1. Looking at the stretch 196-210, is at least one residue assigned by TED's automatic domain parsing to the domain that holds Leu155, of a type in the set (Val, Ile, Thr) and within 18 Å of the chain's Cα centre (by Cα)?
2. Among the listed residues Tyr158, Tyr92, Tyr145, which satisfies the condition of being in the same structural domain as Asp283 (by TED's automatic domain parsing) and out of contact with any helix residue (DSSP H, G or I) (no Cβ under 8 Å at 6 or more places or on another chain)?
3. Tell me which residues, restricted to the stretch 143-184, are touching a strand residue (DSSP E or B) at 6+ places or on another chain (Cβ under 7 Å) and farther than 22 Å from Val252 by Cβ.
4. Residues being of a type in the set (Asp, Glu) and either at positive phi or exposed (fewer than 15 other Cβ atoms within 10 Å of the Cβ) (or both): count how many of those fall in the stretch 34-59.
5. Would you check which residues across the stretch 268-290 are among the charged types (D, E, K, R) and either modelled with pLDDT under 95 or in contact with a Gly (Cβ under 6 Å, 6 or more places away or on another chain) (or both) and list them?
6. Residues that are closer than 23 Å to Gly225 by Cα and among the hydrophobic types (A, V, I, L, M, F, W, C): list the strands (runs of 3 or more DSSP E) wholly contained in the stretch 97-168 that include at least 1 such residues.
7. What are the residue pairs meeting all of these: first residue in the stretch 320-347, first residue assigned by TED's automatic domain parsing to the domain that holds Met266, second residue buried (at least 16 other Cβ atoms within 10 Å of the Cβ) and of a type in the set (Asp, Glu), Cβ atoms under 8 Å, and 6 or more apart or on different chains?
8. What number of residues in the stretch 66-96 are in a loop (DSSP other than H, G, I, E, B) and either more than 28 Å from His179 (Cβ to Cβ) or at pLDDT below 95 (or both)?
Amino acid sequence: MNSRPAIAFFSALLAITSVGAADKSAKKPRPKPIVSPTLHDDHSATFRLQACKAQKVEVGGQPFSKRLPLTKGTNNVWSVTSKSIPPGIYEYSFYVDGLQMLDPGNPQIKPMRSPKTSILYIPGGNIFDFRSDIAHGSVHYHGYYSKPIKRFRELQVYTPPGYETGKSAYPLLVLQHGHSDSFATWVAHGKAHWILDNLIADGKAVPMIVIMLDGHPVPESYGDGRSTANTEELRRDLMREALPMIEKLYRVKPGSANRAITGLSMGGLHSLTIGFQERHAFDWLGAFSAAVPTEEDLPTLLTNPKDLNSDYKLIWIAIGKDDFLLKENKRMIALLKEKSIRHEFLLTEGGHSWPIWRDYLARFVPRLFKD
């Protein structure tokens with residue numbers, strides 16, 4: 001049987017199909033993505049959102065004193081250009097007919113349990129800025145099964161510049177996030193890794209390893225991250241699974257003198273509770289705008305306070321004057337004073353927000369692991 005006619009037929013069919021596909025593609029080009037925000041030289045920003053049936057679109061958040069209304073343009077793309085915004089890292093959202101949502105044109109999203117906040121980053125001489133003139137560390141991801149609490153868990157690890165090519169061992173800091181955030185928030189939004197890089201490069205901080213765990217081991221604790229049950233599961237996971245795993249995988253210096261723990265808001269509650277309960281595991285203890293644990297969760301603090309001054313090299317608590325947790329923190333400070341426990345209390349301007357927590361981390365880290 002002669003196969004040449006069949007070959008010629010299928011070749012012609014393929015050519016027709018290809019031409020048809022090309023013509024179809026030419027008639028309907030892929031639409032250009034909506035890029036938002038666009039930064040300008042004067043630090044203003046243009047925000048855009050394609051919303052076909054919307055009646056009202058606004059953008060609101062930390063960069064603005066009030067929500068900015070967007071104007072509808074061609075192809076149902078709404079837009080607005082802000083005034084000049086000072087350098088910093090900001091949270092913002094779109095509001096479409098009252099519904100808060102992420103900016104779909106911006107891949108920078110604040111890691112949260114219910115993500116609804118996008119990130120606007122404007123570099124400009126801050127401690128959390130990326131610097132091209134210095135060496136940088138690395139951020140590692142670990143998924144693991146925690147046998148003590150029988151749950152799948154996630155964490156991130158920061159290693160300082162030179163770790164991968166060196167042989168030195170390093171002290172370790174446990175750094176915890178706040179309520180509604182996740183183990184990834186201190187890096188993605190807090191820029192903890194860049195803060196560490198900058199402090200180490202400037203000789204202000206000892207090179208260290210930092211681990212960041214998910215502070216909601218109990219799934220239903222999303223509604224109550226301050227619960228004793230949630231904190232206790234985190235303590236068991238940290239002390240019996242996560243820390244042993246990190247000590248096995250990374251070059252970590254041994255001993256409590258090389259261990260620190262701190263956190264913000266809910267993470268501050270976790271660091272205070274676990275830090276005091278595991279008094280022989282951590283010599284360095286911090287809390288940023290902390291939700292304060294109950295006295296029932298701090299039995300050692302009440303029953304045997306005398307030895308605490310020899311157990312801890314630093315107890316460092318900081319909060320802003322406008323923070324809604326200020327009264328709780330003052331009560332905690334009063335308790336420490338009553339028990340004659342050495343501590344440092346820093347009261348600053350500001351409220352319960354990320355700009356203040358980045359600053360606290362930059363203040364706290366240089367104090368660690370030094371005589």
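1. Initial filter on the stretch 196-210 (assigned by TED's automatic domain parsing to the domain that holds Leu155): 196-210.
Narrowing further to those that are of a type in the set (Val, Ile, Thr): 200, 206, 209-210.
Still in the list and also within 18 Å of the chain's Cα centre (by Cα): 209-210.
Yes, some residue in the stretch 196-210 is assigned by TED's automatic domain parsing to the domain that holds Leu155, of a type in the set (Val, Ile, Thr) and within 18 Å of the chain's Cα centre (by Cα).
2. Details: Tyr158 fails: out of contact with any helix residue (DSSP H, G or I) (no Cβ under 8 Å at 6 or more places or on another chain); Tyr92 fails: in the same structural domain as Asp283 (by TED's automatic domain parsing).
Residue meeting the stated conditions: Tyr145.
3. Matches in the stretch 143-184: Phe152, Gly178, Ser180, Asp181, Ser182.
4. Here is the first cut: in the stretch 34-59, the ones of a type in the set (Asp, Glu) are 41-42, 58.
With either at positive phi or exposed (fewer than 15 other Cβ atoms within 10 Å of the Cβ) (or both) added as a condition, the list becomes 41-42.
The total comes to 2.
5. Pass one, the stretch 268-290, residues among the charged types (D, E, K, R): 278-279, 283.
Glu278, Arg279 - these are the residues of the stretch 268-290 that are among the charged types (D, E, K, R) and either modelled with pLDDT under 95 or in contact with a Gly (Cβ under 6 Å, 6 or more places away or on another chain) (or both).
6. Numbers: elements: 99-101, 118-122, 138-146, 151-159.
Result: 151-159.
7. Asn329/Asp323
8. Start the filter on the stretch 66-96 by keeping residues that are in a loop (DSSP other than H, G, I, E, B), which leaves 66-67, 70, 73, 82-87.
If we keep only those that are either more than 28 Å from His179 (Cβ to Cβ) or at pLDDT below 95 (or both) too, we end up with 70, 73, 82-84.
Residues that pass the stated criteria total 5.
The values are calculated or read from the model by the stated rules, or taken from the named source; none is laboratory data. As the structure is a prediction and not an experimental result, all values here were calculated from the model. Cβ coordinates were reconstructed from backbone atoms using ideal geometry, including for glycine residues, and neighbour counts include every protein chain displayed.
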